[in-house]
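The values are calculated or read from the model by the stated rules, or taken from the named source; none is laboratory data. Just so you know, these numbers come straight off a predicted model, no measurement behind them. Quick reminder, even Gly has a Cβ in these numbers, built from the backbone with ideal geometry, and neighbours come from all protein chains shown.
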Amino acid sequence: MADKTFRLEIIAPDRIFYSNDIYMVEYNTVEGEVGIYADHIPMTQIIAPGRLIITERNEEKQAALLSGFVEITPEKMTILAEAVEWPQNIDVNRAKEAKTRAERRLSSEQGGVDIGRAELALKRAITRLDVAGK
Ligand code: ATP
């Protein structure tokens with residue numbers, strides 16, 4: 001169990017989403033899932049859609065983290081999130097519609113579909129439904 005805290009700030013486009021001293025944070029990057037403790041070496045990472053798990057002193061918080069960048073410095077860790085949502089703020093119907101839309105594009109026989117974009121949209125939708133518990 002980690003016994004040392006560090007500062008995590010999550011900046012969303014319109015607000016400071018989260019700012020606190022924490023023990024550990026887990027999330028997904030383009031290179032795979034990571035878990036960060038205090039005194040991590042400085043680095044930058046690119047977010048991939050996934051569940052964000054923040055371990056605080058007495059509780060654990062979860063959110064859907066869909067895209068953005070991470071910067072780890074000796075002073076603090078910053079997540080510049082393009083999209084991040086607490087479970088209760090996830091619009092489940094919207095995510096279901098986005099999932100259906102992405103699946104339809106991916107199975108379409110017609111040309112003109114940006115496969116990478118559709119795959120990412122599908123991952124965002126699946127992550128939102130997963131974090132919302134649907
Ligand atoms: P959609 O196709 O429904 O727009 P998307 O995955 O393309 O979904 P994003 O580009 O990830 O959407 O997000 C755009 C903005 O809308 C962000 O502010 C994000 O937090 C918000 N958002 C998107 N989908 C949802 C959802 N299901 N519930 C709550 N907020 C959402």
Handout entry: Test: ASN58 is out of contact with any helix residue (DSSP H, G or I) (no Cβ under 8 Å at 6 or more places or on another chain) and more than 20 Å from ASP3 (Cα to Cα)
Key = no
Problem - Candidates ILE90, ILE72, ILE41, ILE36 - the one that is touching a Lys or Arg at 6+ places or on another chain (Cβ under 7 Å) and either closer than 28 Å to LEU8 by Cα or in contact (Cβ under 8 Å) with a residue 40 or more places away in the chain (or both) - result: ILE90
Practice task
Please state which one of GLU119, GLU109, GLU97, GLU103 is at pLDDT below 95, outside the structural domain of ARG51 (by TED's automatic domain parsing) and surrounded by fewer than 17 Cβ atoms within 10 Å (Cβ to Cβ).
Solution key: GLU109
Exercise for the section: Run down ASP14, ASP39 and say which single residue is in a loop (DSSP other than H, G, I, E, B), loosely packed, with under 13 Cβ neighbours inside 10 Å and more than 16 Å from the ligand (Cβ to nearest atom). Expected result: ASP39
